[in-house]
Amino acid sequence: MDEITPKERILKRIREALIAAPMAPQGMIDLESPVFAPVADTMEVVFAENFVRKGGRFVYCENADIALKSIQALVEENAWNGHVFCRDEAVESLLQLAGIDYGKEAVDAVVCKVGFCACRNLIANDGSLLFDTAQTGRRIFAQAETLVFVASIDQLLPDLRTAWKLWKDQEGRMPSSVSIWTGLSHFTDVDGTAMTGLGPKKIFLVFLDNIDLV
């Protein structure tokens, strides 16, 4: 019988120890306890701070009149006239009331540099935006240099876990068109120079306080 090597002797001991070790009882997985730290301030304040820190530009509107004037000011100050694309019906009504010309056909998205669209939810604890590309169109997110999201205060949620629960259908599945914005894309070149990445270069959020976005 061949003599076993020191390595084989050690491995044999490990196997014997694993076989003799008692199995630790496995408890039930807790799927209900909170996994995110609770927000320390009102959700509006926490979201705005996190959104701006990620490179977003926050436009607060306390009533409908200010909302329309804010949209008009954004278009005029940034010379967006003739470059706006929108196919979201809820946001289209605001653009029409503000007197903003916009395109909504697929061919318009190719030449328009600014996209207006609605959000599904605003996530307070990290400042991210949830939206449905099936409603707004995928082309706008690939080609627009600037995106202007429009959302109301009742769309604020504390964290992503809460959002996932709300978005699931009756069979527990998520819609296939859900996307999330978590900050402007950027990277660092080999020489250490910060450079913008793919996707929109600017993100605005027109935040409607106590105004229903219909």
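Only one of ALA37, ALA90, ALA64 is of a type in the set (A, V, I, L, M), exposed (fewer than 12 other Cβ atoms within 10 Å of the Cβ) and modelled with pLDDT under 90. Can you tell me which? Can you show your working first?
Working: ALA90 fails: exposed (fewer than 12 other Cβ atoms within 10 Å of the Cβ); ALA64 fails: exposed (fewer than 12 other Cβ atoms within 10 Å of the Cβ).
Every option except ALA37 fails the conditions.
Does ARG57 satisfy being surrounded by fewer than 15 Cβ atoms within 10 Å (Cβ to Cβ) and in contact (Cβ under 8 Å) with a residue 24 or more places away in the chain?
Yes.
Given the criterion under 21 Å from the mean Cα position of the chain (by Cα), closer than 18 Å to GLY199 by Cα, surrounded by fewer than 19 Cβ atoms within 10 Å (Cβ to Cβ) and touching a residue at least 24 places away in the same chain (Cβ under 8 Å), identify the matching residue among VAL52, VAL114. Before you say what the answer is, go through the steps one by one.
Values: VAL114 fails: surrounded by fewer than 19 Cβ atoms within 10 Å (Cβ to Cβ).
One residue alone meets the criteria, VAL52.
The values are calculated or read from the model by the stated rules, or taken from the named source; none is laboratory data. All values reported here derive from a predicted model rather than from experimental measurement. Neighbour counts are summed over all protein chains in view; Cβ atoms, including those assigned to glycine, are modelled from backbone coordinates with ideal geometry.
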